[in-house]
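All remarks here apply to the structure that follows.
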Amino acid sequence: MSMLLTNIVELVTNDPAHGDGLGIVPDAAVVVQAGRIAWTGPAVSAPSTDAAVDLGGRCVIPGFVDSHSHTVFAGDRAAEFAARMTGEPYTGGGIATTVAATRAASEDTLRARGQALVREMLAQGTTTVEIKSGYGQDVVTESRMLRIARELTPETTYLGAHTVPAEYADDRAGYLRLVTGPMLAACAPHARWVDVFCEPAAPTAFDEDESRAVLRAGLRAGLLARVHGNQLSAGPGVRLAVEVGAASVDHCTHLTDADVDALAGSWGSGPGPTAGGGGPGPGTVATLLPAVEFSTRSPYPDARRLLAAGVPVALATDCNPGSGYSSSMSFVVALAVREMRMSPAEALWSATAGGAAALRRDDVGHLRVGARADLTVLDAPSHTYLAYRPGVPLVSEVWKDGNRA
Ligand code: NIG
Ligand code: FE
């Protein structure tokens, strides 16, 4: 059965066939069939379909792709946040608090929390989400987190190497053996990705050699790599991510010229999948997480420097109880525009097609023919309203795989 979604004042396709940048079609319609996009174009030339839905002159964008979240956990760290707002720095030390709460929680509690957060994301227009482990830091809890995450999304990431837990404080090598051995074996069946918090500036996170060992073990187990890098310092994370062929390096708050060159170089001589161009490629995307800088009161990453160098940029929430507890991609887009000087079009591309590139997915993040019919309907005349009306719930409905969610 084919379905026409029509009376769309502005349709964002990210389809170069409809022009550069966001591939915008004014006064548009979309045909959905078998959960996929079958046609997009001006409403006046729409083909006939079995059924039709009038979207009331709203704006339609591809569902947001949130390529970085930690949405399976227990407890909260509101007190840590409040302390930060009166001057305490963020060091990653609070992760141990969430590890203790997550280990102590029942599987049902963790599942219910994860489900609620993913529902909250969907209601705000996020149709693809990545979820990491990393608050278990033992074999049982890490694999439990990933089993639950796998029920919620195919984009699951093994982050046993988030921090070294207290019981291994004097035996980092022993924890690394666990993470690259029995814990990896228990987690790999439930994960697509391996990740590491590569941050020599944080005493409980991992240095370059440790991070390389974690990533290489994950790759040997058949996982694909992504990296938490350069969040608190201009450490080795970005260059290590490029070295191992990671799909994405996330945070990128502190970058050297060599880091930017390495990211640009990972896409070869041509440009990566930037607005108006190609699809996922073999290079490393820079994923920026400005809700973390907001919530840790830190300087924002230099998005313009990355864009000027031709590095594909993704935007994601990093939704987690410590460094940033927002599930809102609209908020992230608004921050990217206001605080990182991305244009509204660049920010929306990065929150959709950019996130898809960071997950090496070509079926989401755009509305080209054949894409999943994942659409977010905005009660607004244009995508610019995402940043122009920050904090306003503009998402009026969401379609996932061709069905109203
Ligand atoms: O992506 N930086 C490391 N990990 C998370 C924060 C986790 C936490 O503070 O609980 C992040 O920011
Ligand atoms: Fe993170």
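Quick notes
- Label-point gap, in nm, between ASN7 and ASP363 - each point 7 angstrom along Cα→Cβ: 3.2
- Taking Cα centre as origin and charging only the Cβ of basic (Lys, Arg, +1) and acidic (Asp, Glu, -1) residues, the dipole magnitude of the range 64-358 rounds to 500 debye.
- From its DSSP helices (H runs of at least four residues, each -39,500 (n - 2.57)), the chain gives a residue-normalised ellipticity at 222 nm of -9000 deg cm²/dmol.
- In degrees, nearest ten, helix 107-123 long axis to first principal axis of the chain (Cα): 30
- Degrees separating the helix 329-340 axis from the principal Cα axis of the chain, which is the longest one: 80
- Modelled spin-label separation between GLU208 and ARG404, with each label point placed 7 Å from Cα along the Cα-to-Cβ direction: 5.6 nm.
- Packing-based exposure ordering (other Cβ within 10 Å, fewest first) of LYS400, LYS132: LYS400, LYS132
- Here the range 1-27 and the range 111-136 have alpha carbon centers that stand 28 Å from each other.
- Residue order, fewest to most beta carbons within 10 Å, for PHE294, PHE64: PHE294, PHE64
Throughout, read-outs are computed from the coordinates displayed, never taken from laboratory work. Everything numeric in this text was worked out from a predicted model, so none of it was measured. Quick reminder, even Gly has a Cβ in these numbers, built from the backbone with ideal geometry, and neighbours come from all protein chains shown.
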